[in-house]
Amino acid sequence: MAIDRRLLLNIDWVMLGAAILLALIGVATIHSATHGGAAANLYLKQCALLGLGLVGLVIALSVDYRRLADRALPLYVAAVAALTYVLVFGPRIAGTRRWFVVAGLQVQPSELTKIVAAILVAKVFSEVRKESLGLADVLAPGAVIGLLVLLIAAEPDLGTAFCLVPLFLTVAFLAGLRLRAILGLGVVLAVVGGVGWQYALKDYQKTRIYTFLDPSLDPKGAGYQKIQSQIAVGSGGLMGKGYGKGSQSQLGYLPARHTDFIFSVLAEELGLVGVAVVLGLYLLVLWRALETAQLARDRVGAFLAAGLAALLAFQVVYNVAMVAGLVPVKGLPLPLMSYGGASILSTLLGIGLIINVRMRRFAN
Amino acid sequence: MRIYEDLRGMQTRLVALQYAVVLGLSLLAAHFWYLQVLRGRHFRDLAENNLRRAVPIAAPRGLLLDRKGRVLVENRASFNIVVVPEHGESVDTTVARLAHLLASGEAHIRERIARRDAPFRPIIVKSDASFADVAALEAHRLEMPEASVDVVPLRSYPLASAAAHCLGRVGEVSDRQLQSPDFADLAPGDLVGQAGVESQYNRSLMGRDGLRRLIVNSRGVEVAETDRQPPVDGPNLTLTLDTDLQKAMDQAFHGRAGSAVALDPETGEILAMTSTPGFDPNIFSTSVEPALWSRLSTDPATPLMNRVIQGQYAPGSLFKVVTATAALEEGVITPQTTFYCPGYLSIYGTVFHCHKAAGHGVLNVQRALQQSCNVFFWEVGVRLEIERIARYAKMLGLGAPTGVDLPHEASGLMPSPEWKERTQKTKWYAGETVSVAIGQGQVTVTPLQMARVAAFMATGRLPRPHLVKAIGGVPVPLVESPVLPFKAATLAAVREGMRAVVGEQGTGLRAQIPGISICGKTGSAQVVAHSVLARHSGTEAFLPHGWFLAFAPQERPRIALAVLVEHGGSGGEAAAPVAREILARYFGVAAPGSPTVAGLVDTEQ
């Protein structure tokens, strides 16, 4: 399917540029975090993954988003099938089942499920033609998304599973869900959370939450990451210790420093200035994404762009807040910057879909 | 067909979301400002704490050298296994792993960890570890960032038990010592001198530990050194001891219990000092097993006691040189004054027997010393009276510590009416004077005090005995020894008597070495009454301690000596031969034959 030349002119180069810049800053930070160790060439791998992700992005923007939305149901079925397959047949790695291997590639279906969920939610709510929605109106879509949440949470991968909640709430809110109903939903979630705490959470997950509340309970265990990350961030100061010169990062005090805690490395080495630049770039991406939702020519496009923006916003805010020690440590990568193929691929696919919506705002 | 949907209702909500994102990210940025700018210093300190370690470099203790510069005590390299529990996962896993790797008891390791006084202070869990221990630990270096191997100098005593009491020993500073201000800057596990010269000069010998400031990674592995303050080595101490004489003195006892000390009579330098039975100080250099410690410290033979300065014995007939000096100096007798010894003396309604039943006949002070006649000294003592005897004894250094540079010196006892009144609230009996005049009764002395008396008889001065000649090559100034204003004739007469002791008919004939003019005096310190000894003549524990004191050569004295053989019998039989062996070694006379004892009619008491 050839792309109309006119469409190319309408690509959101600002958002795309900001996203690519963030990814490149991510590559540089990965290099700094790993250059001394055994995994010194990880940044090259990340470059390759970034290239792959950009290919995915091009594919994602070349297919009309409405045709994708029309195929939401088969995509959903495929996602449920893949998640179920992983749960049953996936290799057990560090106590979790999150991946399966296809042609030598590790595939993490939960990452792609986020995109599928965004398409599905947009499609479902675009069909609802009501000025204002009550709780009853969102029960059915909620159950459909809830299945995905449960399947991912069972791996277990609570971080990714929880990402789908803000996605769903944001689109429901835009579709006209009354504020009172949102509050009611909050109560339902709290009850479900309470029951989940009692019966669903594993001990290590409870421990993490306990030690978040009081890190000194276990300074070498779960609390250790939070303490060391805060030290890295705080000791960076205004200007940072210099690229490649962060003692926390370079001497190995910071755990998961090229993946979930990549932002600590940045904060330590480039200081508040680096933090402000990167947060500014994320803000630009999110601002343009929500602007895209406003410009979209139809409800499904608006819901898709806004849902994907919510997904991205939640991950960025949660990861950065975690690095600053504000929320419990969860295995949530920082979109675009953390090392890892599944995350960067799904993020760039999402950005491709947002651009897709924006560039087709005039087209029929 | 183009269908434009009505999206207006959504626009407000989207704009609200946009500003929610701006607000959220701004709040996050503000929190980073708080962490990085407002609390930046706090977190920088924490980061520094993470990566910096201060590791002490143990200063080697100063060596102990003999008077000719030969090594008496040295240091050898040894390995300590140390642990900083904060760098491990938990104390429990640390203890379990160490116990497994070092094949040692968990309780022992746990107890040592519990003793440390400050966090992050390395704790020695095993001293003088074997190569196997070190290899086992190094192989698990990565799993145990909290444990490491320290190379430290360890105290080594090549002479082993010879001179052990004098040199002393080192040991870990005790909890009680840590309470005292002298040891305030030390940590549990530090080695300090615990006896002898090691203890007396501990501060000087310790030097000052150095410090390395390191950067370590999260596994505790050293990445770089940022600063190094080199340790200040403890200075070497040059002792007054002569290794050859020391060994000879140790051997001269042939395993019998006793003690001996030799002085340079001019300066008071201690040339050799032996106390037997002894111990091997090497076993104390690391943490000593409690069982071994309790065995040594409760042994009835008291191997840890330095008998030279802590053994307090009746001087017996050695005291006659004191009585003679006092009597001559006070004019109670002249060198020519004679008394008649019929074999006994009847006085204060009691009959006292001389050890020679037939009597010594008529003798002057020289012959009385030579044959150790009791009657002569009873006669003299009665005329001197106790106050004057005590005064002279104190002038010669009895009843008070000599001031030797060793810890825990005993003072002995010189009784007097004033002392008896004060301590026992009873009057002095004239009969007691009779006992004191021949060194019995309540008089007690240490061998070192008697060696000093010998030095006085040799030179007319009372030197301060000491062991350290120089510290770090700088000579220690001599304490000026006072000249006692005695008449030349007094000392000449006593010396003549002492010379005669080591000759034909003298009680110290067994100390004789042809060609060397030895002056001496024998003595026996009774441990039980004569009647008891007579009934149990075979029981060694009831035999008197044999004494011998000597100086030589008479013309220009170079050595003053006191020898005591515990339960050896008479001084002439037991102690004089020991003295002879020591003096022969000192004067370089090779194994002289034992002089004949034919004609030696009596053995003094």
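The values are calculated or read from the model by the stated rules, or taken from the named source; none is laboratory data. As the structure is a prediction and not an experimental result, all values here were calculated from the model. Heads up, the Cβs are rebuilt from the backbone with ideal geometry, glycines too, and the neighbour counts pull from every protein chain shown.
Taken over segment B:193-218, the criterion of being farther than 15 Å from B:Arg61 by Cα and surrounded by fewer than 16 Cβ atoms within 10 Å (Cβ to Cβ) is satisfied by B:Leu211, B:Arg213.
For the criterion of being more than 20 Å from the chain's Cα centre (by Cα) and within 22 Å of B:Ala77 (Cα to Cα), B:Pro158 fails.
Filtering segment B:106-118 for residues that are more than 34 Å from the chain's Cα centre (by Cα), surrounded by 13 or more Cβ atoms within 10 Å (Cβ to Cβ) and part of a helix (DSSP H, G or I) leaves a non-empty set.
Residues that are over 20 Å from B:Thr267 (Cα atoms) and buried (at least 22 other Cβ atoms within 10 Å of the Cβ) within segment B:393-410 comprise just one, B:Ala393. Taking the condition under 24 Å from the mean Cα position of the chain (by Cα) and at pLDDT below 80, does A:Leu185 pass? Criteria met by A:Leu185. The selection criterion, being closer than 25 Å to B:Asp190 by Cβ and touching a helix residue (DSSP H, G or I) at 6+ places or on another chain (Cβ under 7 Å), holds for B:Ala147. When B:His100 is tested against (1) surrounded by fewer than 16 Cβ atoms within 10 Å (Cβ to Cβ); (2) within 26 Å of B:Leu186 (Cβ to Cβ), just one condition goes unmet, and that condition is (2). All conditions but one from (1) in contact (Cβ under 8 Å) with a residue 60 or more places away in the chain; (2) surrounded by fewer than 16 Cβ atoms within 10 Å (Cβ to Cβ); (3) within 14 Å of chain A (Cβ to nearest Cβ) apply to B:Val84; the one that does not is (2). Output yes when any residue across segment A:295-318 is in a loop (DSSP other than H, G, I, E, B), modelled with pLDDT of 95 or more and over 19 Å from A:Val14 (Cβ atoms), and no when none is. No, that holds for no residue.
Within segment A:262-280, being of a type in the set (A, V, I, L, M, F, W, C), more than 11 Å from chain B (Cβ to nearest Cβ) and under 19 Å from B:Leu51 (Cα atoms) holds for one residue alone: A:Val265.
When segment B:137-185 is filtered for residues that are farther than 28 Å from B:Glu86 by Cβ and not in a loop (DSSP other than H, G, I, E, B), the ones remaining, listed by number, are B:Arg155, B:Ser156, B:Ala164, B:His165, B:Cys166, B:Leu167, B:Arg169, B:Val170, B:Pro181, B:Asp182.
Pairing residues of segment A:259-272 that are assigned to a helix (DSSP H, G or I) with residues that are aromatic (Phe, Trp, Tyr), at Cβ distances under 8 Å and at least 6 apart in sequence or on separate chains, gives A:Ile262/A:Tyr339; A:Ala267/B:Phe32; A:Glu269/A:Tyr243; A:Leu270/A:Tyr243; A:Leu272/B:Phe32; A:Leu272/B:Trp33.
Sub-7 Å Cβ pairs linking a first residue in segment A:168-194 that is assigned to a helix (DSSP H, G or I) to a second residue that is among the aromatic types (Phe, Trp, Tyr), at least 6 apart or interchain, are A:Val171/A:Phe125; A:Val171/A:Phe303; A:Ala172/A:Phe125; A:Leu174/A:Phe303; A:Ile182/A:Phe173, ordered by first then second residue. Look at segment A:309-320: where a residue is touching a residue at least 12 places away in the same chain (Cβ under 8 Å) and closer than 13 Å to A:Leu336 by Cα and a partner is of a type in the set (D, E, K, R) and not in a helix (DSSP H, G or I), sitting 6+ places away or on another chain with Cβ atoms under 8 Å, you get A:Asn319/A:Asp260. Would you confirm whether or not segment B:182-192 contains a residue that is crowded, with 22+ Cβ neighbours inside 10 Å, in the same structural domain as B:Ile109 (by TED's automatic domain parsing) and at pLDDT 85 or above? There is no residue in segment B:182-192 that is crowded, with 22+ Cβ neighbours inside 10 Å, in the same structural domain as B:Ile109 (by TED's automatic domain parsing) and at pLDDT 85 or above. Of all residues in segment B:33-76, which are over 18 Å from B:Val192 (Cβ atoms), more than 12 Å from chain A (Cβ to nearest Cβ) and among the hydrophobic types (A, V, I, L, M, F, W, C)? Once the filter is applied, which keeps residues that are over 18 Å from B:Val192 (Cβ atoms), more than 12 Å from chain A (Cβ to nearest Cβ) and among the hydrophobic types (A, V, I, L, M, F, W, C), segment B:33-76 yields B:Ala54, B:Val55, B:Leu65, B:Val71, B:Leu72.
Consider A:Leu238 carefully, then state whether it is facing chain B (nearest Cβ under 9 Å) and under 24 Å from B:Val22 (Cα atoms). Answer is yes for this residue. Can you work out which of the residues in segment B:470-505 that are within 16 Å of B:Leu561 (Cβ to Cβ) and not β-branched (Val, Ile, Thr) is surrounded by the most Cβ atoms within 10 Å (Cβ to Cβ)? The selected residue is B:Met498. For segment A:119-133, filtering for residues that are within 11 Å of A:Leu174 (Cα to Cα) and either aliphatic (A, V, I, L, M) or not in a helix (DSSP H, G or I) (or both) leaves 4. Is it fair to say B:Gly568 is within 20 Å of B:Ala324 (Cβ to Cβ), buried (at least 24 other Cβ atoms within 10 Å of the Cβ) and among the small types (Gly, Ala, Ser)? So B:Gly568 fails the test. Restricting B:Leu14, B:Leu65 to those that are at pLDDT 90 or above and in the same structural domain as B:Val170 (by TED's automatic domain parsing) reduces the list to B:Leu65. Listed by position, the helices (runs of 4 or more DSSP H) inside segment B:1-105 whose residues that are within 30 Å of B:Pro153 (Cα to Cα) number at least 3 are B:40-51, B:91-102.
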